[in-house]
Amino acid sequence: MPESQALSILSSIFGFNSFRGAQEEIINHLIQGQSALVLMPTGGGKSLCFQIPALIRPGLAVVISPLIALMHDQVTSLQQLGVRAATLNSSQSAEQNRNTWRAIASGEIDLLYMAPERLLNEQTLEFLKQRQIALLAIDEAHCVSQWGHDFRPDYLGLSILSEHFPDVPMLALTATADAPTQSEIIKRLNLGDSRVFIAGFDRPNIRYRITAKNRAKNQLLDLLRTEHADDAGIVYCMSRRKTEDIAEFLRNEGFNALAYHAGLPDATRKRHQDRFLLEEGVIVVATIAFGMGIDKPNVRFVAHLDPPKSIEAYYQETGRAGRDGLPATAWMSYGLEDVVKLRQMMANSDAEERFKRIENQKLDALLGLCETTECRRQALLRYFGEELKDPCGNCDTCLTPVETWDGLEAAQKALSCVFRTGQRFGVSYLSQVLRGKSSDRMESFGHTRVSTFGIGEDLDDKTWRSVYRQLVAMGFLSVDMEGYGGLKLTERSRPVLRGAMAVKFRKEPKRLPRTKTRSAKKSLPDNVDPILWEKLRQLRLSIAKEQSIPPYIVFHDTTLQALIQIRPRTMLDMRSVPGVGDKKLENYGEIFLKALWEE
Ligand code: ADP
Ligand code: ZN
């Protein structure tokens, strides 16, 4: 059977042997001139879906992307592969842009990346309408959704594209789209009855872990020391101040950590982002201002020191880990105080009541995920309407099943203590009352005389906190948003108080002994020689530095690891290593072969 043109391009240019998932089907669909919406998780391989048809269909392919950083990354990667790609954007000089126009006019460009506002400019449209357009690809298509978190007004203007280019196939791509967002994309881009390809949400290489907050800084440090000593990663915090504190703390512990938030001067932000991309093993401690536009494939961990506002946000933020498909960690440490803070922030915002209610429900769903005793991945995917048949085996609850304890009596004590003290106090106070730890304040409220004073001496403070946190997560208590975030009973608490239902709590796992030193444990597969790995990483870094490009654009970690595992002897052998296409073989083949075999 003759090899298809798409497959031969996949091999000769991109250096891969086979398509993944629906890639081939999508590519064929586009080659035949049909439009489509593609939903594929991060790292699923969306780019090839339009890059290959762009090289097969005659004419210029136009790719719309929301951020200069994203365009730049893709164009540089393509150029490294020998593909004729270019971008038009405001970060380039007028002359650079003029040269690009000229190259397009003389048919020297196959893929052109630009932002929507530039495409929609009258002149650009007129110019492009006179050319043969191979296809239109709209990356991050969820940016047209006004309800989503990445809404970009300029994306709305893209609705006119179907009028201007009626016969040009259009591909809209996104990794985040629940059902309403999907239909909004279809409506706004006039995709009508185009096919929708849905690849599912699962990111099997990400290991999900969520732990109760207990001196969070040290918990983070443990994680980094034991599992991610040399890795690049992102640590998310809620406040700007905290990102700076944590970055400094990590630097003092010997890590290469930088803060990133919207309050930093532009130049500093850019410098920190560049270091994250251009160097190895940099940790960025950031607010959510850091995220979109980060296409770095080898982010090995994403750590949340504060919980995000919803499962969608959690999924998107953790999704920045492990784009390259290699093992990655999504770790979160959370406590009830964080939830109270989030609830208060929501309550104090100017949003409409309806909107606040939705936000609160979303936070509830996140809490449910945090406190679940079943597989995290199953719970996460179920939220997106996807059923994973078996527990995943790659999350904390699968790896160390949660022990539970029968907690009806504790729940009753906890709830009635809330009631007896007037439904306006927080966890610390309630725990003190239960454990009979009187204070002047408690005396003054008369709470040393309530019936629940001292009835909980059998449990320690940590356990009571855990009980309260879980009661909130289960909906038996709510956080008072008008006042100071005290806990209140809910409708649902009645049957518990009456003893008419069973309550099971998860046992807090025991803390592992602290690690004092930065151990050499790396997130490397066993069959990758760490010395050779370090050597190739250095070689890659020096090549990248010469060209001022990120190391992963020279070769991905997957390719470096495959080089070590396969250890090709000849250039011909090397060509069969995934990620080594013709151009990269020509440019870097010899030097890497030499590094693999020299003593
Ligand atoms: P997305 O845009 O969906 O997040 P990318 O297009 O950046 O994903 O691809 C993610 C990673 O998977 C990249 O490292 C890419 O080189 C790799 N990849 C994509 N398709 C294939 C394939 N068919 N075979 C091997 N690797 C692939
Ligand atoms: Zn699991």
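Quick look at the values:
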item	result
At R0 = 60 Å, FRET efficiency that the Cβ-Cβ distance of Arg102 and Glu508 yields, to 0.05	0.40
Accessible-area composition of the chain, carbon plus sulfur, in percent [1.4 Å probe]	50
Sparse-neighbour loop sites [chymotrypsin sites (Phe, Trp or Tyr not before Pro); segment 418-496; at most 15 other C-beta within 10 Å; DSSP]	Tyr484
Most positive-pole-ward Cα, Gln5, Ile543, Ile27, against dipole of the chain from beta carbon charges	Ile543
Calculated from backbone phi, Karplus (6.51, -1.76, 1.60) coupling profile of segment 470-479 in Hz, x at Gly/Pro	6, 5, 5, 4, 7, x, 7, 9, 10, 8
Sum of -39500 (n - 2.57) over DSSP H runs of 4+, divided by residues of the chain (222 nm, nearest 500)	-13000 deg cm²/dmol
Unit charges on C-beta of K, R, D, E only; dipole of segment 530-597, Debye	100
Spatially close lysines, pair count over segment 317-457: Cα under 25 Å, gap of eight or more or interchain	5
Residue-by-residue Karplus 3J(HN,Hα) for segment 13-25, coefficients 6.51, -1.76, 1.60, Hz, glycine and proline x	8, 8, x, 10, 8, 9, 7, 10, x, 8, 3, 5, 4
Near-label residues of segment 44-84 by backbone N, under 16 Å of a point 7 Å along Cα→Cβ of Ser12	52-58, 81-84
Cβ-placed point charges (K, R +1; D, E -1), dipole of segment 404-506 about Cα centre in debye, nearest 20	180
Modelled FRET efficiency - R0 45 Å, Asp526 with Gln423, Cβ distances, 0.05 increments	0.25
Reachable aspartates and glutamates from Lys187, criterion Cα separation under 20 angstrom, eight or more residues apart if same chain	Glu117, Asp139, Glu140, Asp150, Asp154, Glu163, Asp167, Asp178
Gain upon complete extension [Gln361, Arg492; 0.36 nm per residue less C-alpha separation]	45.6 nm
Length added when fully stretched, Arg251-Ser438, from 0.36 nm per residue minus Cα-Cα	63.2 nm
Counting DSSP beta bridges with both ends in the chain, the antiparallel % (nearest 5)	10
Label-point gap, in nm, between Arg275 and Ser349 - each point 7 angstrom along Cα→Cβ	3.2
Average accessible surface area per residue within segment 202-296, 1.4 Å rolling probe, Å²	39
Magnitude of the charge dipole, the chain, Cβ model with Lys/Arg +1 and Asp/Glu -1, debye to 20	1600
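The values are calculated or read from the model by the stated rules, or taken from the named source; none is laboratory data. In this text, all values refer to a predicted model and were calculated from it rather than measured experimentally. A quick note on method: Cβ atoms are made from the backbone with ideal geometry, for glycine too, and the neighbour counts reach across all protein chains shown. For accessibility, only protein heavy atoms count, side chains too; no ligands or nucleic acids. Shrake-Rupley method; radii C 1.70, N 1.55, O 1.52, S 1.80 Å.
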